[in-house]
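Step one of this worksheet: look at the structure below.
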Amino acid sequence: MRYKVLAADDETELLDALELYTERENIKLIKADSGSSALTLFEKEKPHLVLLDIMMPELDGFLVLRKIRAVSSVPAIMLTARSEDYDKILGLELGADDYITKPFNPMEVVARIKAQLRRCYDYKGSTADEELRCFDIVLNRAEACVFKHGRALELTKTEFLILELLMSGRGRIFTKRQIFDYARNDGYIADDNTVMVHISNLRAKIEDDPRSPKILKTIKGLGYKIEKEQA
């Protein structure tokens with residue numbers, strides 16, 4: 001079963017970054033950029049958990065939570081750029097289950113999400129998706145190893161994480177920033193050449209002919225993707 005999390009925040013770039021980490025845990029992130037769109041998506045998608053920013057246009061997180069609590073007891077985590085006790089108390093009184101103050105580490109947010117899913121559902125994590133496969137490549141997340149034609153490949157940690165991200169979203173284009181953020185988790189502090197070097201090194205290990213790649217493709221002006229296999 002794939003769990004769904006509705007995340008509402010008008011800072012959409014934060015949600016895009018968080019989505020990389022939820023995908024790694026096989027959790028689908030449903031993104032809303034306002035309180036009103038969050039309520040619409042809540043009714044449509046029936047998520048297992050909601051992640052609500054307090055300061056949003058149209059309807060703030062408190063009002064959204066109040067409306068959700070009128071019809072559902074789904075776990076709720078609040079996001080806030082403020083740390084005042086009043087906000088936390090009000091959120092908890094309205095039915096919030098947890099609180100996270102911005103700026104946040106995406107890994108912490110995912111850990112809090114997983115804790116709530118374990119508490120409320122039969123959530124066992126991403127063990128069902130420990131292996132990723134495409135073409136003749138097998139990536140084992142639990143053992144942090146990669147095989148091609150049954151032969152183990154020696155990848156650096158960064159190369160492993162880049163390959164994991166691209167294989168987990170086969171057919172999806174990932175930007176250089178998304179790749180860098182996922183693999184390094186310390187912000188986008190390097191130039192484009194950093195990602196390009198890692199991609200080049202990774203191609204040399206997974207492609208039969210790195211000069212004419214069939215698996216890891218460059219999408220000019222956009223980023224990179226792992227091709228989907230043809231049926």
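The values are calculated or read from the model by the stated rules, or taken from the named source; none is laboratory data. As the structure is a prediction and not an experimental result, all values here were calculated from the model. For neighbour counting, all protein chains shown are included, and Cβ atoms are generated from backbone atoms with ideal geometry for every residue, glycine included. Note: accessible area is taken over every heavy atom of the protein model, side chains too, but ligands, DNA and RNA are not part of it. Shrake-Rupley method; radii C 1.70, N 1.55, O 1.52, S 1.80 Å.
The single condition among (1) open to solvent by 30 Å² or more (accessible area, probe 1.4 Å); (2) modelled with pLDDT of 80 or more; (3) over 18 Å from the mean Cα position of the chain (by Cα) that E108 does not meet is (3).
Can you go through L6, L41 and tell me which one is of a type outside the set (V, I, T) and assigned to a strand (DSSP E or B)?
Values: L41 fails: assigned to a strand (DSSP E or B).
The unique qualifying residue is L6.
Does L51 fit the bill of being in contact with an Asp or Glu (Cβ under 6 Å, 6 or more places away or on another chain) and hydrophobic (A, V, I, L, M, F, W, C)? No: the conditions fail for L51. For the range 45-60, the count of residues that are among the charged types (D, E, K, R), touching a residue at least 24 places away in the same chain (Cβ under 8 Å), in contact with a strand residue (DSSP E or B) (Cβ under 7 Å, 6 or more places away or on another chain) and surrounded by fewer than 20 Cβ atoms within 10 Å (Cβ to Cβ) is at least one.
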